[in-house]
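First the structure, in the form of structure tokens, and then the observations on it.
The values are calculated or read from the model by the stated rules, or taken from the named source; none is laboratory data. Note that the structure is predicted; figures quoted are calculated from it, not measured. Heads up, the Cβs are rebuilt from the backbone with ideal geometry, glycines too, and the neighbour counts pull from every protein chain shown. The accessibility values were calculated without ligands, DNA or RNA, using every heavy atom of the protein model including side chains. Shrake-Rupley method; radii C 1.70, N 1.55, O 1.52, S 1.80 Å.
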Amino acid sequence: MESLRLFFLSVLFVLKLTNNLGHKRHKNIINSEGFQKLIFKGFKVEKVNDYIGITGVYNGFICDIYYDWQTFVKSKIGKAFVINIYFIPPKPLHEIYIANIDFIKTMKKKHAVSRWSFKSYDFDWQEGAIVIKNRLGFKNPSYEKIEEAIKIAIEILKKEELKPMNREDLTSIRNNFPYQSAPQILLYQDK
């Protein structure tokens, strides 16, 4: 009984330590060379609640970039730098729907990365955003790695003939629907 209690206390300690280290890296990754080069090229630091990331425009598309230590990449929980790239979503088929669920399902299926692939990223789709999650080890991502990921996602958007969303519309959506078209990390939503 005592060894079981010690085991659970050890697990709780490790989980708390991992969370603290992940949160610390989330805050500090904007000081990495890759993020700093993007800031030098016009991206801005964005702070909302406990969230810290960078936001800017690349090739006409608004991008939010941040570190998430508890996201799913290829069906496994892990550390990743995440890029949300926003586009004008297609209209829903029926007015009663808030989002075009059929479009989102189609895009998820069409652009799924096989779990057996050697690619270290995968995609998620939301109403008005493609999210590319890039597995990350101990090293912070280089500017080249971040730029390559952005280019991959934007190429998909262009092939699908999806147009960039402007900042005013993005702000309006976030004001009216706080969980839509925003970074999908709890730190952004916590108040």
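Any residue in the stretch 6-13 that is at pLDDT below 95 and open to solvent by less than 90 Å² (accessible area, probe 1.4 Å)?
The answer is yes, given that some residue of the stretch 6-13 is at pLDDT below 95 and open to solvent by less than 90 Å² (accessible area, probe 1.4 Å).
Does the stretch 31-54 contain at least one residue that is at pLDDT 90 or above, open to solvent by 40 Å² or more (accessible area, probe 1.4 Å) and among the β-branched types (V, I, T)?
Yes; the residues of the stretch 31-54 include at least one that is at pLDDT 90 or above, open to solvent by 40 Å² or more (accessible area, probe 1.4 Å) and among the β-branched types (V, I, T).
Report the residue count in the stretch 101-123 for those that are in a strand (DSSP E or B) and more than 13 Å from L157 (Cα to Cα).
2
Please determine, by comparing only the residues of the stretch 152-179 that are of a type in the set (K, R) and without any contact (Cβ under 8 Å) to a residue 40 or more places away in the chain, which one is least open to solvent (accessible area, probe 1.4 Å). Steps first, answer last, please.
The initial filter retains those residues of the stretch 152-179 that are of a type in the set (K, R), namely 158-159, 163, 167, 174.
Still in the list and also without any contact (Cβ under 8 Å) to a residue 40 or more places away in the chain: 158-159, 174.
On the way: K158: 100, K159: 151, R174: 35 Å².
Per the criteria, the residue is R174.
Which of the residues belonging to the stretch 158-175 are closer than 24 Å to K37 by Cα and part of a helix (DSSP H, G or I)?
R167
Determine which single condition A182 fails, assuming it passes every other condition in (1) open to solvent by 70 Å² or more (accessible area, probe 1.4 Å); (2) within 18 Å of Y66 (Cβ to Cβ); (3) among the aliphatic types (A, V, I, L, M).
(1)
I'd like the residue in the stretch 125-143 that is outside any loop (DSSP other than H, G, I, E, B) and touching a residue at least 60 places away in the same chain (Cβ under 8 Å) and, out of all such residues, is least open to solvent (accessible area, probe 1.4 Å).
Only one residue fits best here, namely N134.
Taking the stretch 62-86 as the search range and keeping residues that are surrounded by fewer than 17 Cβ atoms within 10 Å (Cβ to Cβ) and not basic (K, R), which one is modelled with the highest pLDDT?
The selected residue is Q70.
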